[in-house]
1. Across the stretch 229-239, which residue is surrounded by the most Cβ atoms within 10 Å (Cβ to Cβ) among those that are in contact with a strand residue (DSSP E or B) (Cβ under 9 Å, 6 or more places away or on another chain) and either assigned to a loop (DSSP other than H, G, I, E, B) or among the charged types (D, E, K, R) (or both)?
2. Mind listing whichever residues of the stretch 74-118 are open to solvent by 30 Å² or more (accessible area, probe 1.4 Å) and within 21 Å of Leu203 (Cβ to Cβ)?
3. Show the residue pairs that are 6+ apart or on different chains and have beta-carbon atoms under 7 Å apart, the first residue being within the stretch 152-179 and closer than 23 Å to Ile117 by Cβ, the second being open to solvent by 30 Å² or more (accessible area, probe 1.4 Å) and of a type in the set (Lys, Arg).
4. Keeping to the stretch 139-164, report how many residues are outside any loop (DSSP other than H, G, I, E, B) and in contact with a Ser or Thr (Cβ under 6 Å, 6 or more places away or on another chain).
5. What are the residues in the stretch 240-278 that are β-branched (Val, Ile, Thr), buried (at least 23 other Cβ atoms within 10 Å of the Cβ) and in contact with a helix residue (DSSP H, G or I) (Cβ under 6 Å, 6 or more places away or on another chain), if any?
6. Among the residues of the stretch 20-38, what is the count of those that are surrounded by 17 or more Cβ atoms within 10 Å (Cβ to Cβ) and either more than 16 Å from ligand 1 (Cβ to nearest atom) or of a type in the set (D, E, K, R) (or both)?
7. Just one of the numbered conditions (1) within 12 Å of ligand 1 (Cβ to nearest atom); (2) farther than 23 Å from Glu299 by Cα is not true of Ala243; which one?
Amino acid sequence: MIVMKFGGSSIESAEAIQRVAGIVAGRAERRPLVVVSAMGKTTDRLLDIGRTAIAGNLDGALSKLDDLRRFHAIEAGAVVSPQAEPAIEAHLESHFRELAELIRGLSILGEMSPRSIDALSSYGERLSSLIITEALRAVGVVAEHVDSRRVIVTDERFSAAAPLREEIDKRLAEHVQPLIDAGKTPVMGGFIASTMAGITSTLGRGGSDYTASLVGAGLSAEEIQVWTDVDGVLTADPSLLSAARRIRVMSFAEASELAYFGARVLHPSTMLPAVRSNIPIRVLNSRRPDIEGTLIVAEHQAGQSIVKSVVYKENITVVEVLSTRMLMAHGFLARIFEVFDRHQTSVDMVTTSEVSVSLTIDNTARLDAIVEELRQIAEVTPFFGQSMVCVVGDNIRYTPGIAAKLFTALESINIRMISQGASRLNISLVVDEKELHATVEALHKTFFSQVDEAVFA
Ligand code: ADP
Ligand code: ASP
Ligand code: MG
């Protein structure tokens, strides 16, 4: 069997859903299981409705909710069969009634906890999975809806919950394998899960990819397919650089690194279950299904490529900590990290000099408190509006002279920090966001002007 995951833009309209239904129907002999995200930008819209409600604008929130209901009703109405319409209408009606109650509750409370954020955002995938099930049936696929919350079980870290592997595998065997054995196509919402106590949780933004690989690993799939809106994993984000090229094949390690350092195309944890069970992942374009996409496997002939991709993260904050007295004293770095740790703020990149330490963070929720504490032991300056740019490739570790190439490419750019990752698969640097585009462009030109056609399309 194979797992086929379709992202939000692949099911953003009736037309897109019909395209997806055709793709699934055409692969029936591979015995697919389908995982879907929320339709289009539904998750963003639900969260925006929640924020509107807690800001005290209940009417505004309910009116936005009504727009979202209408969007689902119209698109669903165009893809399900006339016989299925009353059932879908009843589902929409009950789900949106619950949502309206939830929104009223939030507006009274005036705040959203991670747990209520999950309750709210789960509706996107709950609705889309029901709609896609019927859209598949309408084209003759024997689809069967499975509520992912019965199968994907997590810990209680709401909004970024960690899956409980053994329990998931047990439940997949119990609830999903029998459907596949009976020749059916199970349809599951991605992203959503529940705790052992049955409370709705989520795997974090972009988490549907992770659902797909958890399910694929649990059911020993032949392949995990991630269908999205670009031709595969590319040498750069195509929304920043139109010259980006498709990577034909890459390793799990490269894909993990690339996802971790900002390429949105895959959730950073997606590779973990696939690595463990050694299941290939293939990234494909639902708008151009005949293109072979990107194959991600354990080992591959890297050919002549050194760098696979240039990725970036925006809105990074650099915190510079300066102390002429203390830095060399033992325990000083530990004290600095302890402050970040206590404020549950993770540090991504660190560079040190004799008198200073620079760190990057992307969550600034606790920055003021962190800076105040650090000022008791050192001079502290935050730099906002920074971007982290990272070049990734297995061969970086075996190839001398990469740093020289990189510095030559970036001659005219002011690099605030630079570091080679401990994995030695990447070199990361921090630049001001005004220089982000120029940096990515210059690096891309250096590493991808001439490429090995066996590795890049
Ligand atoms: P989906 O809704 O299918 O999950 P996402 O928006 O999460 O899609 O991810 C696909 C997007 O990732 C692409 O549209 C592209 O803009 C972005 N992206 C960023 N970096 C890369 C990259 N290196 N290769 C491909 N896509 C990338
Ligand atoms: N719908 C969720 C999100 O927008 C999960 C996903 O799309 O993967 O983050
Ligand atoms: Mg995604």
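1. Val233
2. Correct list: Leu102, Met112, Ser113, Pro114, Arg115, Ile117.
3. From residues that are closer than 23 Å to Ile117 by Cβ, the pairs are Val153/Arg171; Phe158/Arg115.
4. Of the residues in that region, 5 qualify.
5. Listed by number, the list holds a single entry, Thr270.
6. Looking only at that region, the number is 3.
7. (1)
Residue-by-condition table, conditions (1) away from ligand 3 (no atom under 12 Å from the Cβ); (2) touching a Pro at 6+ places or on another chain (Cβ under 9 Å); (3) closer than 11 Å to Lys5 by Cβ:
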position: Leu203; (1), (2), (3): no, yes, no
position: Gly206; (1), (2), (3): no, yes, no
position: Ser213; (1), (2), (3): yes, yes, yes
position: Ala217; (1), (2), (3): yes, yes, no
position: Asp237; (1), (2), (3): yes, no, no
position: Ala244; (1), (2), (3): yes, yes, no
position: Ile247; (1), (2), (3): yes, no, no
position: Ser256; (1), (2), (3): yes, yes, no
position: Gly262; (1), (2), (3): yes, no, no
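The values are calculated or read from the model by the stated rules, or taken from the named source; none is laboratory data. All values derive from a computational prediction rather than experimental measurement. Using ideal geometry, Cβ is built from the backbone for each residue, glycine included, and neighbour counts are taken over all protein chains shown. Remember, those area values only see protein heavy atoms, side chains included, never the ligands or the DNA or RNA. Shrake-Rupley method; radii C 1.70, N 1.55, O 1.52, S 1.80 Å.
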